[in-house]
Amino acid sequence: MEWIHTMPKIELHAHLNGSIRDSTLLELARVLLEKGVTELTDVEDVIQKNDRSLDEVFKLFDLIHVITTDHQTVTRITREVVEDFALENVVYLELRTTPKRNDSIGMSKRSYMEAVIKGLRSISEVDVEFFNSQQLNKLCGRKKIYVRLLLSIDRRETTESAMETVKLALEMRNVGVVGIDLSGNPLVGEWSTFLPALQFAKDNDLYITLHCGEVPNPEEIQAMLDFKPHRVGHACFFKDQDWEKLKSFRIPVEICLSSNIITKSISSIDVHHFADLYKVKHPLIICTDDFGVFSTTLCNEYSLAVRSFGLGKRETFSLAKSGIDATFAEDEVKQQLRLIFDSASPEYV
Ligand code: 5GP
């Protein structure tokens, strides 16, 4: 559907290391193969794109991290991911990544993030605005994209390590960091471990989004909702009381259709909670999660929603535009985004 490609779009749930081009991953893996750092079966596992359980996805991420976690590669994949989103007419991207420490190559969480920022600065194919004093170039014909960053806390981390990430986020607000994400294997770690760091982040005006309800864990889901995050991702294993709370707090949901289906968190698209949330006009936004790992694109996710839930062109455009309110962007950026959508709207009436 060409109109989905040309429609301005907002992406709010994209993990950097899950959004690597296949060609880049292959190229990097080959280098490691030649050096004997990794085995052919490992590389094949990364490239193979069959259904994977959620647990298998996290094993895959550990492999991807072996392939990608050095400063130069982090810079490269950041540049490519932003370019790829811009090329499918994403006009605002919140990109999330887990700052990583690896003493053996002199990498600290800070230097990891500096490599990400270097990647943003190195983009020449499209015009990027990633902190608010920058102006988007007015050159015609070039894609323009606003980028903001979320620092992820991995559920394997300790309270101390999570706090280090939050402090780093606070120090990097001047380069586009707007919030914190809690992600990583939902079968690992306790909510109480992350709460102090997340509360500290919230008290210091960072926005918070949580991976919530990816596995059945009723107590954690309720505790997360009581924390009143600014958004949640997934919400696959919610029960009635969880939906009630989520809806009464009006917490926007990041919807990742392909990811939920491929990992079997949702048994089939016909029973996906998108339908109910959309019907009751609960704030939601269509996202990719990991376009590399799940072999998708944001256009593909919108097409899937259009086909599965019978959305028309106008409804789809309104849905995409409504994502502006769920962004963690400054008011001026939200205003700019409204102008971008308004100028495109005659195509979608
Ligand atoms: P990174 O933070 O390294 O840039 O991106 C990959 C990481 O994001 C994974 O190691 C994992 O911690 C997190 N991640 C990616 N996709 C998912 C997902 O679907 N669910 C959860 N809980 N975490 C994810």
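Out of the DSSP beta bridges found with both residues in the chain, what percent are antiparallel (nearest 5)?
Looking only at bridges with both residues in the chain, the antiparallel portion is about 5 percent.
Tell me the net charge near Glu164. Cut-off is 13 Å between Cβ atoms, Glu164 excluded, with +1 for each Lys or Arg and -1 for each Asp or Glu.
+1
Please build a GNM for the chain, connecting alpha carbons under 10 Å apart, and tell me which residue among Leu63, Leu257, Leu339 fluctuates the most.
Leu339
Which percent of the accessible heavy-atom area of the chain goes to carbon and sulfur, probe 1.4 angstrom?
Carbon-and-sulfur percentage of accessible area, whole number: 51.
Using a 10 angstrom cutoff on alpha carbons, build the Gaussian network for the chain and name the most mobile of Gly184, Gly233, Gly106.
The residue that fluctuates most here is Gly106.
Thinking of region 75-183 as a set of Cα atoms, what percent of all their pairs are more than 25 Å apart?
Percent of Cα pairs beyond 25 Å in region 75-183: 22.
So which of Lys239/Lys281; Lys9/Lys59; Lys143/Lys167 end up more than 21 Å apart, counting from Cα to Cα?
Lys9/Lys59; Lys143/Lys167
When the chain is treated as a GNM, springs tying every alpha-carbon pair under 10 Å, which of Arg101, Arg155, Arg52 comes out with the largest mean-square fluctuation?
Arg101
Quick one: plug the Kirkwood hydrodynamic radius of region 2-344 (C-alpha pairs) into Stokes-Einstein at 20 °C, 1.002 mPa s, and report D in µm²/s.
Translational D for this selection: 106 µm²/s.
Whole number in Å², please: accessible area per residue of the chain, 1.4 Å probe, ligands, DNA and RNA not counted.
Accessible surface, normalised per residue, equals 43 Å².
Counting other Cβ atoms within 10 Å, which GluC sites (Glu not before Pro) in region 86-120 have at most 16 and lie in a DSSP loop?
Loop-located and lightly packed - none at all.
Can you give the net charge of the other residues whose Cβ lies under 12 Å from the Cβ of Arg76, counting K and R as +1 and D and E as -1?
Value of the local net charge: -1.
Taking loop as defined by DSSP and a crowding limit of 11 other beta carbons within 10 Å, which trypsin sites (Lys or Arg not before Pro) in region 183-269 fit?
Sites meeting the loop and neighbour criteria: Arg250.
Just name one of Ile4, Ala14, Val293: the one whose Cα is farthest towards the positive end of the charge dipole of the chain (beta-carbon charges, Lys/Arg +1, Asp/Glu -1).
Ile4
The values are calculated or read from the model by the stated rules, or taken from the named source; none is laboratory data. These figures come from a predicted structure and were not determined experimentally. Because the Cβ atoms are built from the backbone with ideal geometry, glycine has one as well, and the counts that use them run over all protein chains shown. Side chains included, ligands, DNA and RNA excluded: accessible areas come from the protein's heavy atoms. Shrake-Rupley method; radii C 1.70, N 1.55, O 1.52, S 1.80 Å.
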